[in-house]
Amino acid sequence: MKTLTCTTPGTFEYSETEKPELKKDHAIIKIKRIGICGTDLHAFEGTQPFFNYPRVLGHELSGELVEADGAEGFQIGEAVTFIPYFNCGECIACRMNKPNCCVKMQVCGVHVDGGMREYLQVPSRTLLHGEGLSYDELALVEPLAIGAHGVRRADVQPGEFVLVIGAGPIGLGTMEFARIAGGKVIALDINDDRLAFCKEKLGVVHTINAQSVDVAEQLSQITNGDMPTVVIDATGNQKAINNAINYMAHGARFVLIGLQKGDLIFNHPEFHKRESTLMSSRNANIEDFEHVIKSMKAGLVKPTTYITHQVKFEEVKDEFKNWLDPKNGVIKAMVNMAN
């Protein structure tokens, strides 16, 4: 089968590899779509934490179920996606029903080889029914689940102001599910085109360019002097994360979806006087995936709006580096496997 491997930072190589042979309690998916996410881009750049090379990237995936063992309720030939976080089921996190942060976590396309190939074998327990959604839509369930999980961690309540920092694909999904939860969303980013997308495509009423000199003042005006009671970072940018303490209401919750390699540095008195709550949000759980699929089916989220670039699998090696350039306006690149 055709396989694309990131051999070193900045380098991809195509090769022919063996099609997987079905193992017990596993399923084989014929890959149809591959969404390109920040993890893939950072891996290509060499800036992704928890990563080593060579690696077959790709975890935003959808395809056709072609073989299965122990996949009760699934039919060969149906469209599927899957939860790409392979947990051990035995560690403290798994026993606490938090498999998304398993001690021995193996994320598809990060810790183990992912889906930039024609066929992929996954544990049958991770499969999710397509529910009539298109392959494009199914490939976007996982990144939306990341945002849905962060919103669930924040316990967003109807009517409260939610500041989402970063209007990339994860941030956009976070905004969507904050809205679905009843939050009044404020988008903060440095890219005016992304902010315009938030207004025009997602209906976000309040947008702020983070390079403004008066961000805190604008937030105060929007929130009638209260400041946002939920702040969610979806940038993974150290400066943005460390500065966000200044945008929080007293008693606010700060959720980190974005991940960066450096230290968190807050002014302790500023953090302390607010009695702030700081949380990280890693991956997502089945509840989040099911919420995303249900929301898609109900028309509450239209994920294909995010797809700005579509390429064939054979074009990925040459096109990938272009997706790193902000000038190309990439929100979501989608790879079509012609198989």
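Structural remarks
- Filter result for Thr17 (modelled with pLDDT under 95 and open to solvent by 20 Å² or more (accessible area, probe 1.4 Å)): no
- In segment 273-299, the residues that are among the polar types (S, T, N, Q) and part of a loop (DSSP other than H, G, I, E, B): Ser276, Ser281, Asn283, Asn285
- Considering segment 70-80, and only residues there that are in contact with an Asp or Glu (Cβ under 9 Å, 6 or more places away or on another chain) and part of a loop (DSSP other than H, G, I, E, B), the residue that is most open to solvent (accessible area, probe 1.4 Å) turns out to be Ile76.
- One residue stands out among those in segment 208-226 that are within 14 Å of Lys184 (Cα to Cα) and touching a residue at least 40 places away in the same chain (Cβ under 8 Å): the one that is surrounded by the fewest Cβ atoms within 10 Å (Cβ to Cβ), which is Asp226.
- Of the set (1) under 23 Å from the mean Cα position of the chain (by Cα); (2) open to solvent by 10 Å² or more (accessible area, probe 1.4 Å); (3) not basic (Lys, Arg), all apply to Glu275 but (1).
- Unmet criterion (only one of (1) modelled with pLDDT of 95 or more; (2) of a type in the set (Asp, Glu); (3) in a helix (DSSP H, G or I)) for Asp193: (1)
- Residue among Asn243, Asn328, Asn237 that is within 21 Å of the chain's Cα centre (by Cα), assigned by the TED database to the domain that holds Ile165 and farther than 14 Å from Leu144 by Cα: Asn237
- Some residue of segment 318-336 being closer than 30 Å to Lys104 by Cβ, touching a residue at least 12 places away in the same chain (Cβ under 8 Å) and of a type in the set (Val, Ile, Thr): yes
- For beta carbons closer than 8 Å, sequence separation of 6+ or different chains, a first residue in segment 180-196 that is acidic (Asp, Glu) and a second that is open to solvent by less than 40 Å² (accessible area, probe 1.4 Å) and in a helix (DSSP H, G or I), the qualifying pairs are Asp189/Gly171; Asp189/Leu195; Asp189/Cys198.
- Residues that are exposed (fewer than 15 other Cβ atoms within 10 Å of the Cβ) and in contact (Cβ under 8 Å) with a residue 12 or more places away in the chain within segment 287-303 comprise Glu287, Lys297, Leu300, listed in sequence order.
- Among the residues of segment 304-339, just one is hydroxyl-bearing (Ser, Thr, Tyr) and either surrounded by 18 or more Cβ atoms within 10 Å (Cβ to Cβ) or under 16 Å from Cys6 (Cβ atoms) (or both), namely Tyr306.
- Segment 247-272, subset part of a helix (DSSP H, G or I) and either hydrophobic (A, V, I, L, M, F, W, C) or in contact with a Leu (Cβ under 9 Å, 6 or more places away or on another chain) (or both), residue least open to solvent (accessible area, probe 1.4 Å): Tyr247
- Options Ile34, Ile28; residue that is under 30 Å from Gly70 (Cβ atoms), in contact with a Phe, Trp or Tyr (Cβ under 6 Å, 6 or more places away or on another chain), among the aliphatic types (A, V, I, L, M) and assigned by the TED database to the domain that holds Gly115: Ile28
- Across segment 99-110, a minimum of one residue is classified as farther than 18 Å from Val335 by Cβ, modelled with pLDDT of 95 or more and over 19 Å from the mean Cα position of the chain (by Cα).
- Residue match in segment 262-280 (condition: in contact (Cβ under 8 Å) with a residue 12 or more places away in the chain and in contact with an Asp or Glu (Cβ under 8 Å, 6 or more places away or on another chain)): no
- Residue in segment 61-69 that is within 22 Å of Glu290 (Cβ to Cβ), open to solvent by 30 Å² or more (accessible area, probe 1.4 Å), touching a residue at least 40 places away in the same chain (Cβ under 8 Å) and over 22 Å from the mean Cα position of the chain (by Cα) present: yes
- Qualifying positions in segment 178-190 - open to solvent by 20 Å² or more (accessible area, probe 1.4 Å) and out of contact with any Phe, Trp or Tyr (no Cβ under 9 Å at 6 or more places or on another chain): Arg179, Ile180, Ala181, Gly182, Asp189, Ile190
The values are calculated or read from the model by the stated rules, or taken from the named source; none is laboratory data. Remember, predicted model here, so these are calculated numbers, not experimental data. Neighbour counts are summed over all protein chains in view; Cβ atoms, including those assigned to glycine, are modelled from backbone coordinates with ideal geometry. Just so you know, the surface numbers come from the protein's heavy atoms only, side chains and all, with ligands and any DNA or RNA stripped out. Shrake-Rupley method; radii C 1.70, N 1.55, O 1.52, S 1.80 Å.
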